[in-house]
Amino acid sequence: MLDEVERWLSRRSWAAADRPLDQLMAAKREKRGTSVSVVLPALNEEETVGEIVSVIRRELMAPLGVPLVDELVVIDSGSTDRTAEVAAAAGARVVHRDAILPRIPALPGKGEVLWRSLLVTSGDIVCFVDADLKEFSADFVSGIVGPLLTDPGVAFVKAMYDRPLGDAAGQGGRVTELVARPLLNLHWPQLAGFVQPLGGEYAARRSLLEQLPFPVGYGVELGLLVDALHTVGLDALAQVDVGVRKHRHQDGQALGRMAASIYRTAQLRLSRGHLVRPVLTQFERGEQGFEPRTHAVDTEERPPMGQISEYAERRVA
């Protein structure tokens with residue numbers, strides 16, 4: 001298995017600089033009609049979402065930049081700040097999560113937003129980018145879209161990067177190192193070569209995404225990666241080095257809840273059985289000592305979008 005991972009790394013890992021913009025645009029022109037959508041899931045990200053939108057529009061969209069990206073959509077999942085206003089002012093199309101597929105009441109969670117975004121975007125290639133990135137570079141988009149435009153054998157591309165934690169280089173991604181990487185190495189060793197398996201920046205062909213179930217919460221990245229492996233095979237998966245990812249970091253208890261969701265997502269894919277106790281109890285010191293706080297672990301998944309009647313009708317139209 002180690003030899004297989006090493007072969008994959010040598011064939012399916014690149015740097016963003018390996019495919020300059022002029023090469024990507026030439027490839028896109030050759031594939032007439034191929035379009036690219038960028039989706040930013042956003043919840044209370046007024047401080048960062050505007051700059052991300054501005055960079056993408058200025059560097060990757062016509063008329064100011066090159067027309068690599070055809071559509072830029074921010075999905076607001078219930079922000080209580082000015083996220084929607086800031087994103088719209090910067091030039092994004094903003095859609096509220098609850099306005100998409102109202103027949104199915106929305107559940108809280110990032111995966112829910114990504115799943116619903118397929119109904120309000122049209123690109124043949126869909127690129128997801130987290131809305132809390134700081135010092136954002138357009139390489140986060142062009143880098144991961146590149147292999148999908150230049151290699152017909154690639155269907156799913158993850159970004160890889162350094163994740164500093166404060167002044168400590170490479171110390172971010174604590175849930176990745178403590179939970180996701182051990183799970184993948186033990187149970188899906190073919191995926192051991194992914195540097196950032198939980199990273200929120202990845203691109204895929206719509207034809208693949210519409211076949212995959214979407215965990216509604218934090219398990220969505222691991223779930224999509226594992227299901228993509230089983231759907232299209234390792235050689236159709238790739239990763240691209242885009243440099244450094246800076247973003248806000250969660251506190252330890254939020255990371256615990258994230259870890260539980262990710263473990264649950266892996267457990268479901270391993271056994272497809274029933275969870276014994278889909279809740280997580282944590283502790284906070286209060287007036288009477290340590291007090292328990294119990295949180296539900298995400299247990300919902302959305303079916304492949306291709307099975308949703310509204311989506312099928314929209315595709316026909």
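Screening the candidates 248, 205 for the property of being over 22 Å from residue 116 (Cβ atoms), touching a residue at least 40 places away in the same chain (Cβ under 8 Å) and not polar (S, T, N, Q) yields one hit, 248. Considering segment 188-226, the residues that are among the polar types (S, T, N, Q) and under 19 Å from residue 125 (Cα atoms) include one that is surrounded by the fewest Cβ atoms within 10 Å (Cβ to Cβ), namely 207.
Let's see how each residue does on (1) polar (S, T, N, Q); (2) more than 23 Å from residue 312 (Cβ to Cβ):
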| position | (1), (2) |
| --- | --- |
| 201 | no, yes |
| 210 | no, no |
| 213 | no, no |
| 218 | no, yes |
| 224 | no, no |
| 236 | no, yes |
| 240 | no, yes |
| 250 | yes, yes |
| 254 | no, yes |
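Under the condition of being closer than 23 Å to residue 134 by Cβ and surrounded by 16 or more Cβ atoms within 10 Å (Cβ to Cβ), the residues counted in segment 22-49 number 11. Contact map, segment 63-80: residues that are more than 15 Å from residue 91 (Cα to Cα) paired with residues that are surrounded by 16 or more Cβ atoms within 10 Å (Cβ to Cβ) and among the β-branched types (Val, Ile, Thr), Cβ distance under 8 Å, separation 6+ or inter-chain. Pairs shown: 68/36; 68/141; 68/145; 77/113.
Among the residues of segment 6-20, just one is in contact with a helix residue (DSSP H, G or I) (Cβ under 7 Å, 6 or more places away or on another chain) and at pLDDT below 95, namely 8.
In the set (1) under 23 Å from residue 215 (Cα atoms); (2) out of contact with any strand residue (DSSP E or B) (no Cβ under 8 Å at 6 or more places or on another chain), residue 122 fails one condition alone, (2). For segment 1-13, the candidate set comprises residues that are among the hydrophobic types (A, V, I, L, M, F, W, C) and surrounded by fewer than 20 Cβ atoms within 10 Å (Cβ to Cβ); within that set, the residue that is nearest to residue 202 (Cα to Cα) is 9.
For segment 50-81, a tally of residues being part of a loop (DSSP other than H, G, I, E, B), surrounded by 16 or more Cβ atoms within 10 Å (Cβ to Cβ) and not β-branched (Val, Ile, Thr) returns 6.
The values are calculated or read from the model by the stated rules, or taken from the named source; none is laboratory data. These numbers were taken from a predicted model, which means no experiment stands behind them. Glycine gets a Cβ as well: all are built from the backbone with ideal geometry, and neighbour counts include every protein chain shown.
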